[in-house]
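Reading through the structure tokens given below for one structure.
Since every read-out is calculated from the coordinates, none of them should be taken as a lab result. Nothing here was measured: the structure is a model prediction, and the numbers come from that model. Glycine also receives a Cβ, built like all others from the backbone with ideal geometry; neighbour counts cover every protein chain displayed.
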Amino acid sequence: DNSEDSKNAIPEVNFDLEGEHAGELPSPWEGPSHCVSGDHCLYFNPEGNDHNGQVLITTPNYAYFTATFPKITSETQISPDSFHLAPIPGKGNGFVAGRLIKKGEVIMQRQPSFLVHADAHIDMKPEVQEKIYQIALSKLSKDAQEKFLSQFGDGVRAKIDKNSFRIVIDPSGDKESGHLGVFVDVSGFNHDCRPNVHYRITNTTHTTVAVRDIHPGDELTISYIYGIARRSTRQKELQDWGFECTCSQCTLNSLETAASDARVKEIKRLEEEIEDKMSRRGEDIKPEMGGKLVDMYLEEKLFAYLAPTYVRAALIYSMFGNEAKAKEYAEEAVDALTREYGTHAKDIQSMRELAADVKGHWSWGIKVVSEEKEQKTWKLGQGKGKKNETGEAGAKKERKIREKIGKKAGKTVKEAKAKKDEL
Ligand SMILES: C[S@@+](CC[C@H](N)C(=O)[O-])C[C@H]1O[C@@H](n2cnc3c(N)ncnc32)[C@H](O)[C@@H]1O
């Protein structure tokens with residue numbers, strides 16, 4: 001039917017970039033070549049991904065952002081023959097370790113082969129979408145096309161649904177800038193609620209890192225969801241992927257499941273309590289609270305989410321003047337921040353300084369000092385019946401510091417929580 005065809009045809013237009021970044025798309029990015037509804041056009045980088053090509057379906061401004069992102073080159077990845085794709089009972093294929101992969105090793109770093117603005121993926125008319133997706137795919141190398149088509153899912157759209165990662169393109173975090181990125185080599189990772197591999201996305205670079213030692217024959221897994229949740233919540237979230245999770249944590253017996261759910265609940269309760277106390281000048285905070293939280297994370301095998309917990313524990317122990325524990329947790333924090341957020345993680349410099357010189361850190365002993373001061377104030381108050389100014393000024397200073405810590409710890413936790421939006 002000709003009229004249907006013309007309705008669905010994608011116009012071949014010579015689209016002049018409009019708006020803020022008109023005409024600025026840096027080489028070797030090409031485009032736009034095909035434009036569809038809502039300003040969404042096709043862009044292409046033939047040199048991307050080792051000359052296998054990268055396609056992008058988005059608006060001119062997001063195309064500009066994406067094309068200007070620097071590539072991460074500082075981290076190395078393990079050799080590709082350290083793991084291989086193999087059938088995994090009940091899960092299709094998955095990655096299996098061929099040698100011992102040590103905690104902290106970077107498994108792989110990739111750029112997306114296919115990147116589409118989430119609105120375009122959701123709203124585009126199916127017939128038009130199928131056509132522009134086919135045109136986009138045809139621009140990639142034969143090898144990349146084969147890898148794309150061998151991914152799980154029926155048809156291009158379903159493959160994007162089941163294999164893409166959510167990427168926020170605008171550095172300011174604007175939600176409108178959500179894109180779906182398909183990394184053909186990353187698609188082999190199956191899900192586990194207690195994964196041994198953590199992934200992070202910086203700009204558009206996808207990095208996977210081992211969060212514990214992975215032994216030969218073990219499957220390499222990532223978590224598709226935010227894992228610090230009770231089993232029923234996790235299962236519900238995984239319904240979007242169309243499978244019932246049978247990971248080690250989801251198949252615990254009923255007693256063990258109850259214990260795990262209770263621990264998750266207690267972790268959340270304690271985190272809220274610490275945050276609350278920190279925002280109120282650390283009132284009633286106990287030095288062991290930070291350590292207890294770390295222990296519960298480890299017991300619950302939450303190895304992919306340790307960084308904010310170690311940061312908080314290190315700061316609390318330092319505040320209470322426990323040099324050995326502050327140093328121990330600060331060192332763990334540096335490693336965990338590197339794994340989970342990369343070498344430029346917020347807090348990493350502060351944790352390095354704390355580990356290197358606990359007593360020189362701004363947090364050192366502030367809780368001890370304030371308690372001594374409080375006592376002094378109390379004694380003076382008893383004797384003379386009036387307020388002690390030094391004590392008040394000290395308390396004011398401490399309140400400021402405490403607010404700073406509260407914000408710091410709170411922010412890192414929120415960042416971890418934001419993870420659940422990914423994938
Ligand atoms: C990104 S793909 C992972 C690779 C896939 N197994 C394959 O053979 O290509 C995602 C799909 O793998 C399957 N899968 C992933 N994790 C699973 C799990 N824990 N249990 C069962 N199926 C899983 C689901 O069908 C899911 O939609």
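Treating only the Cβ of Lys, Arg, Asp and Glu as charged (+1, +1, -1, -1), what charge dipole size does segment 2-222 show about its Cα centre? Round to the nearest 20 debye.
Dipole about the Cα centre, nearest 20: 940 debye.
Between residue 150 and residue 299, how high is the FRET efficiency from 1/(1 + (r/R0)^6) when r is the Cβ-Cβ distance and R₀ = 25 Å? Nearest 0.05.
My answer for the efficiency is 0.05.
Over 17 Å apart: what share of the alpha carbon pairs of segment 242-281 falls there, rounded to a whole percent?
Counting every Cα pair in segment 242-281, those more than 17 Å apart make up 50 percent.
Taking 0.36 nm per residue of sequence separation and subtracting the Cα-Cα distance, how much length would be gained by fully extending the chain between residue 51 and residue 241, in nm to one decimal?
This chain segment gains 65.3 nm when fully extended.
Return the Rg/Rh ratio of segment 2-222 with Cα-based radii and a Kirkwood Rh.
With Rh from the inverse mean 1/r over Cα pairs, Rg/Rh is 0.99.
If you place +1 on the Cβ of every Lys and Arg, -1 on the Cβ of every Asp and Glu, and leave all else neutral, what size is the dipole of segment 223-268 about its Cα centre, to the nearest 20 Debye? Show your work: numbers first, answer last.
Details: 7 positive and 6 negative charges, 35 e Å.
The dipole of segment 223-268 has a size of about 160 debye.
Tell me which GluC sites (Glu not before Pro) from segment 263-357 have a DSSP coil assignment and no more than 13 other beta carbons within 10 Å of their own.
283
Nearest 0.05, what FRET efficiency do residue 75 and residue 172 give at R0 = 30 Å with Cβ-Cβ as r?
My answer for the efficiency is 0.75.
If you average the alpha carbon positions of segment 61-89 and of segment 295-337, how far apart do those two centres end up, in angstrom?
Spelled out, the Cα-based centre of one part sits 29 Å from the other.
What nm value, rounded to one decimal, do you get for the distance between residue 324 and residue 349 when each label is placed 7 Å out toward the C-beta?
Result: 3.2 nm between the two label points.
Once you have the Cα-Cα distance between residue 128 and residue 272, take 0.36 nm times their residue separation minus that, and quote the gain in nm to one decimal. Write down the numbers at each step before the final one.
Working: separation 144, 0.36 × 144 = 51.84 nm, distance 4.79 nm.
In short, 47.0 nm is gained.
For residue 283 and residue 254 in the same chain, what is the full-extension length gain: residue separation times 0.36 nm, less their Cα-Cα distance, in nm?
6.6 nm
Extending each Cα 7 Å along its Cβ direction at residue 85 and residue 230, get the distance between those two points in nm, one decimal.
A separation of 3.9 nm, rounded to one decimal place.
Classify segment 179-252 from the C-alpha gyration tensor, please: rounded if a/c falls under 1.5, else prolate or oblate depending on whether a/b exceeds b/c.
It comes out oblate by the Cα gyration axes.
Taking R0 as 25 Å, what's the FRET efficiency between residue 37 and residue 142 from their Cβ-Cβ distance, rounded to 0.05? Walk me through the intermediate numbers first.
On the way: r = 30 Å, r/R0 = 1.20.
So, using R0 = 25 Å, E works out to roughly 0.25.
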